[in-house]
Amino acid sequence: MRRIFALCSSGLGPDKIARILRTDQILTPTVYEFRTNGVRRTNLNENKPYDWCGSTVADILEREEYIGNTINCRSYSPSFKSKKSKRNPPENQLRFEHTHEPLIDMETWEIVQKVRAGKRRPNKMGEMDLLSGMVYCADCGKRHYFCRCGSWNEIQYTYTCGTYHGHKEDCTPHTVKVMALHEIVLAEIQRVTQEAREHTEEFLRRAMDKHSSQLKKELSAKTKELDRVQKRLADLEKLFRAAFEQLALANLSETQFKALTGGYEEEKQELAIRSEMLEQEINAEKDRMLNADRFLRVVQRYTEIQELTPEIVREFIEKIVVHERSEPWKKKNYTQQIDVYFNFVGQV
């Protein structure tokens, strides 16, 4: 299991990890359990003892049991007449922390969860960049899209705002060259790690002040948006009740009622999803405190960083925010701001 987490923390996805395990002839969990303890599971296939699949790896990477927690009531049966079970939503599961000795340390677990949260999909040519899933637009907040085509060489690869890529009227390109972004990120990692080693106390004091200011700003913006979303949800609930009353009083036909509330229902679903997402982000922001010791431990693991690797990127970088060029459509002689945020200390 430690190997699976190590491979994921280095930037590999579940499917690639599964291929490595098949190639190295590592027994699947069900076969291993059967051969070790004689436990026979329904999905046991003794004829294919190394038949790993991406979904199995993904499930392992999300199980808190490996960090010493116990999760009960993962599934439930909707009826005593049915043998089929359904997955319980996280809020209905029972979670007990520190019930046994962890197999995976918390630093590795958190890196893996960051990798999983920023899942990277290959482009149409089957390629992914090591920064994919970590680059965001400064204006709309959406992830950037990795762009390349068969006739391009690496110098031409770019990142473009995901919103602009799908709906050009909703944002601007925020285009940045991939190679240039790699150079900027590497230079920032080298600068920050050198400063953390040579001027530790000054670095930590400055990082703490800036990190606190960033968190307050982000929390304020997200809290205001959450208030707006929840107010609109309350308004929609009132509109629904009013429409039901008119239907009950026969002032509206069923066709008119469906036409009237159809748009409300779609908006309500979108807002409910956004509200839940904002609440999760706000709670995560509140939990994000400057953890200088952990950042310094990461710095100490690397004596000299000369190139970017998926492991280094995931160890150090939380996200990269790309601002629009000083002149969006100009290809030369422009300026562009790139903000690099580090794990545990934010932008320093």
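The values are calculated or read from the model by the stated rules, or taken from the named source; none is laboratory data. Since this is a predicted model, take the numbers as computed values, not measurements. We place every Cβ from the backbone using ideal geometry, glycine too, and count neighbours over all the protein chains shown. Remember, those area values only see protein heavy atoms, side chains included, never the ligands or the DNA or RNA. Shrake-Rupley method; radii C 1.70, N 1.55, O 1.52, S 1.80 Å.
When you scan the stretch 166-173, do you find a residue that is open to solvent by less than 60 Å² (accessible area, probe 1.4 Å), farther than 29 Å from Gly346 by Cα and modelled with pLDDT under 85, even just one? Explain how you work it out, then say what you get.
Applying the first criterion (open to solvent by less than 60 Å² (accessible area, probe 1.4 Å)) to the stretch 166-173 yields 166, 171-173.
Cutting the leftovers down to farther than 29 Å from Gly346 by Cα gives us 166.
From what's left, modelled with pLDDT under 85: 166.
Yes, the conditions are met somewhere in the stretch 166-173.
Out of Val299, Val340, Val321, which single residue is open to solvent by less than 80 Å² (accessible area, probe 1.4 Å), assigned to a helix (DSSP H, G or I) and modelled with pLDDT of 85 or more?
Numbers: Val340 fails: assigned to a helix (DSSP H, G or I); Val321 fails: assigned to a helix (DSSP H, G or I).
Exactly one of Val299, Val340, Val321 is open to solvent by less than 80 Å² (accessible area, probe 1.4 Å), assigned to a helix (DSSP H, G or I) and modelled with pLDDT of 85 or more, namely Val299.
State whether one or more residues within the stretch 114-130 are farther than 24 Å from Arg74 by Cβ, at pLDDT 80 or above and surrounded by 12 or more Cβ atoms within 10 Å (Cβ to Cβ). Let's see the steps before the verdict.
Within the stretch 114-130, the first condition is being farther than 24 Å from Arg74 by Cβ, and the residues that meet it are 118, 120-130.
Now narrow it down to the ones that are at pLDDT 80 or above: 129-130.
From what's left, surrounded by 12 or more Cβ atoms within 10 Å (Cβ to Cβ): 129-130.
Yes, that holds for at least one residue.
Considering only the stretch 66-79, I want to know if a residue exists there that is touching a helix residue (DSSP H, G or I) at 6+ places or on another chain (Cβ under 6 Å), exposed (fewer than 12 other Cβ atoms within 10 Å of the Cβ) and either of a type outside the set (Asp, Glu) or under 30 Å from Pro310 (Cα atoms) (or both).
no
Enumerate the pairs (first residue in the stretch 90-116 and polar (S, T, N, Q); second residue anywhere and loosely packed, with under 13 Cβ neighbours inside 10 Å) with beta-carbon separation below 6 Å, excluding pairs fewer than 6 apart on the same chain, so at least 6 apart or on different chains.
As it stands, the answer is Gln93/Cys73, since those pairs meet every condition given.
What residue, of Lys48, Lys16, is surrounded by fewer than 16 Cβ atoms within 10 Å (Cβ to Cβ) and within 19 Å of the chain's Cα centre (by Cα)?
Values: Lys48 fails: within 19 Å of the chain's Cα centre (by Cα).
Exactly one residue qualifies, and that residue is Lys16.
How do the pairs read when you match residues in the stretch 22-48 that are without any contact (Cβ under 8 Å) to a residue 24 or more places away in the chain with residues anywhere that are among the aliphatic types (A, V, I, L, M) and open to solvent by less than 60 Å² (accessible area, probe 1.4 Å), using Cβ under 6 Å and keeping only pairs 6 or more apart or on different chains?
As it stands, the answer is Thr30/Leu44; Glu33/Val39; Phe34/Leu44, since those pairs meet every condition given.
Considering only the stretch 273-296, state which residues are modelled with pLDDT of 80 or more and open to solvent by less than 100 Å² (accessible area, probe 1.4 Å). Spell out the reasoning first.
At the first step, the residues of the stretch 273-296 found to be modelled with pLDDT of 80 or more are 273-279, 295-296.
Listed by number, the residues that qualify are Arg274, Ser275, Met277, Leu278, Glu279, Phe295, Leu296.
Within the stretch 221-228, identify whether any single residue is in contact (Cβ under 8 Å) with a residue 60 or more places away in the chain, on the phi < 0 side of the Ramachandran plot, in a helix (DSSP H, G or I) and surrounded by 11 or more Cβ atoms within 10 Å (Cβ to Cβ), and answer yes or no.
First, pick out the residues of the stretch 221-228 that are in contact (Cβ under 8 Å) with a residue 60 or more places away in the chain: 222.
Adding the requirement that they be on the phi < 0 side of the Ramachandran plot leaves 222.
Of the ones still in play, those that are also in a helix (DSSP H, G or I) are 222.
Narrowing the set further to residues that are surrounded by 11 or more Cβ atoms within 10 Å (Cβ to Cβ) leaves 222.
Within the stretch 221-228, one or more residues are in contact (Cβ under 8 Å) with a residue 60 or more places away in the chain, on the phi < 0 side of the Ramachandran plot, in a helix (DSSP H, G or I) and surrounded by 11 or more Cβ atoms within 10 Å (Cβ to Cβ).
Considering (1) exposed (fewer than 13 other Cβ atoms within 10 Å of the Cβ); (2) part of a helix (DSSP H, G or I), say which one Gln246 fails and leave the rest.
All conditions are met except number (1).
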